[in-house]
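Some notes on the structure that comes next.
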Amino acid sequence: MQEYNIFISYSRKDAALVECVVSLLRAIGANAFRDKDSIPAGVKWRPVLEDALDKATVILVFWCIHSESSVEVRAEFQRAIDGQKSLIPIILDDTPLVVDLSQFQGIDMRPIIGDHRKDSISTRIERHDPPWQSLTSNRQSYGPSGNGWNANIQDMIQNIHKVAAEADQRKKVFDEVARKIYEGIPDCIH
């Protein structure tokens, strides 16, 4: 079984953000366990998860309104505390840390990602109209003159530019999140 030095604890509702951050951490050399892609199909997941958690050096807890209500996240960080692990809360919104987590110095991502509760970054990542949306939503304006098609193609091009700019902004946010998290991880596991 592969050994991991970083264990990722998160709510599945924040999977889009966490997936990008984990990919970036792995790209810069971190050996991170994330349940979704670290547990092989057909294997009982709980023993693998607990083994990875027990062997990890650092536990990153992505903390927000979603993780606050997650039974699994609570069980993971409590097991980490009981095992006297280094635990780093990654603060995504204004949800107060529970008492057990508040003992640990966290990394505040709110200035980078904004208020997670008002418009979650996971939602912002997944939500954008496809560039062709304007073509499919305005069929009534298509006519024999072709004016509707021309206007809609211009809209589609504008949407493509908008989506590209949003993707570039998301990449900058994720790069900053990963850099800040990586800098907060103890040097012994880099």
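Might you check whether a residue that is touching a helix residue (DSSP H, G or I) at 6+ places or on another chain (Cβ under 8 Å), surrounded by fewer than 17 Cβ atoms within 10 Å (Cβ to Cβ) and in the same structural domain as residue 175 (by TED's automatic domain parsing) occurs anywhere in segment 57-68? Can you show your working first?
From segment 57-68, those touching a helix residue (DSSP H, G or I) at 6+ places or on another chain (Cβ under 8 Å) are 57-64, 66-67; that's our starting set.
Cutting the leftovers down to surrounded by fewer than 17 Cβ atoms within 10 Å (Cβ to Cβ) gives us 57.
Those still in the list that are in the same structural domain as residue 175 (by TED's automatic domain parsing) too: 57.
Yes - at least one qualifying residue is present in segment 57-68.
One line per residue, one yes/no per condition, for (1) farther than 16 Å from residue 183 by Cα; (2) touching an Asp or Glu at 6+ places or on another chain (Cβ under 9 Å):
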{"position": "37", "(1), (2)": "yes, yes"}
{"position": "47", "(1), (2)": "yes, no"}
{"position": "55", "(1), (2)": "yes, yes"}
{"position": "91", "(1), (2)": "no, yes"}
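Kindly establish whether residue 40 is at pLDDT below 90 and not β-branched (Val, Ile, Thr).
Numbers: at pLDDT below 90: yes; not β-branched (Val, Ile, Thr): yes.
When the stated conditions are applied, residue 40 passes them.
Cβ contacts < 7 Å: first residue part of a loop (DSSP other than H, G, I, E, B), restricted to segment 25-38; second residue surrounded by fewer than 18 Cβ atoms within 10 Å (Cβ to Cβ) and at pLDDT below 85, any location; separation 6+ or different chain. Result?
If the second residue must be surrounded by fewer than 18 Cβ atoms within 10 Å (Cβ to Cβ) and at pLDDT below 85, the pairs left are 28/182; 29/190; 30/182.
Is it the case that some residue within segment 40-53 is surrounded by fewer than 16 Cβ atoms within 10 Å (Cβ to Cβ), under 22 Å from residue 92 (Cα atoms) and not β-branched (Val, Ile, Thr)?
Checked segment 40-53: no residue is surrounded by fewer than 16 Cβ atoms within 10 Å (Cβ to Cβ), under 22 Å from residue 92 (Cα atoms) and not β-branched (Val, Ile, Thr).
The values are calculated or read from the model by the stated rules, or taken from the named source; none is laboratory data. Nothing here was measured: the structure is a model prediction, and the numbers come from that model. All Cβ positions, even for glycine, are placed from backbone atoms using ideal geometry, and neighbour counts span all protein chains on display.
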